[in-house]
Amino acid sequence: MKSLAVIVLVLTIVSLSTQLTEEQQQKIKQNREECVKETGVDPVLIDKADQGDFSDAPKLKCFAKCFYQKAGFLNAQGEVLIDVVKEKIPAEANKEEALAIIEKCKELKGQDACETAFLIHKCYFENTHKKAAEPAPSA
């Protein structure tokens with residue numbers, strides 16, 4: 001996966017303003033590998049999702065759930081653990097903007113925990129990447 005941070009919601013939110021430590025990168029890689037094994041998802045689908053091409057594949061949805069749970073951001077029912085997410089927003093990030101995106105996306109619900117995690121991830125991706133794609137204001 002070209003940008004491992006994309007799959008983790010808080011890391012996605014702050015990826016515009018921070019660099020991941022080597023330890024964070026290794027943990028993300030480890031979680032990705034474990035979740036690929038657990039779900040049987042084709043890694044190509046993860047790479048495509050990283051670029052904004054979201055497949056409706058059930059295994060990809062369960063990968064999102066697995067990954068967020070390993071990161072500590074979701075419980076077994078697929079509910080966002082908002083206090084954990086807030087704690088992991090780095091000090092240098094735009095906390096107000098990050099919290100607004102979290103609030104917007106956290107209420108999405110799918111038919112099961114896998115779909116809920118997937119919908120939340122897609123929402124975060126679309127909101128953080130839309131912001132990154134906006135042109136800088138003119139002086």
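Table: residues versus (1) at pLDDT 75 or above; (2) closer than 17 Å to Ile120 by Cα; (3) of a type in the set (S, T, N, Q); (4) in contact with a His (Cβ under 8 Å, 6 or more places away or on another chain).
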{"site": "Leu11", "(1), (2), (3), (4)": "no, yes, no, no"}
{"site": "Gln19", "(1), (2), (3), (4)": "no, no, yes, no"}
{"site": "Gln24", "(1), (2), (3), (4)": "yes, no, yes, no"}
{"site": "Ile28", "(1), (2), (3), (4)": "yes, no, no, no"}
{"site": "Pro43", "(1), (2), (3), (4)": "yes, no, no, no"}
{"site": "Cys62", "(1), (2), (3), (4)": "yes, yes, no, no"}
{"site": "Asn75", "(1), (2), (3), (4)": "yes, yes, yes, no"}
{"site": "Val80", "(1), (2), (3), (4)": "yes, yes, no, no"}
{"site": "Ala98", "(1), (2), (3), (4)": "yes, yes, no, no"}
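Across region 39-78, what is the total count of residues that are in a helix (DSSP H, G or I) and under 17 Å from Cys114 (Cβ atoms)?
The initial filter retains those residues of region 39-78 that are in a helix (DSSP H, G or I), namely 39, 43-50, 58-71.
If we keep only those that are under 17 Å from Cys114 (Cβ atoms) as well, we get 39, 45-46, 49, 58-71.
Residues in region 39-78 being in a helix (DSSP H, G or I) and under 17 Å from Cys114 (Cβ atoms): 18 in total.
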Original post:
Restricting to region 58-93, what's the tally of residues that are under 13 Å from the mean Cα position of the chain (by Cα) and among the polar types (S, T, N, Q)?
Top reply: 1
Subject >> Candidates Val85, Val41 - the one that is in contact (Cβ under 8 Å) with a residue 24 or more places away in the chain and crowded, with 18+ Cβ neighbours inside 10 Å >> reply: Val85
Subject >> Members of region 79-113 that are assigned to a loop (DSSP other than H, G, I, E, B) and touching a Cys at 6+ places or on another chain (Cβ under 7 Å) >> reply: Leu108
**OP:** State which residue pairs qualify: first residue on the phi > 0 side of the Ramachandran plot and of a type in the set (Gly, Ala, Ser) and inside region 61-79, second residue in a helix (DSSP H, G or I) and surrounded by fewer than 16 Cβ atoms within 10 Å (Cβ to Cβ) in any location, beta carbons under 9 Å apart, and separation of 6 or more residues or different chains.
**Re:** Gly72/Val84
**OP:** For Ile120, indicate whether it is modelled with pLDDT of 85 or more and of a type in the set (A, V, I, L, M, F, W, C).
**Re:** yes
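The values are calculated or read from the model by the stated rules, or taken from the named source; none is laboratory data. Being a predicted model, the structure only gives us computed values, none of them experimental. Positions of Cβ are generated from backbone atoms using ideal geometry, with glycine treated the same way; all protein chains shown enter the neighbour counts.
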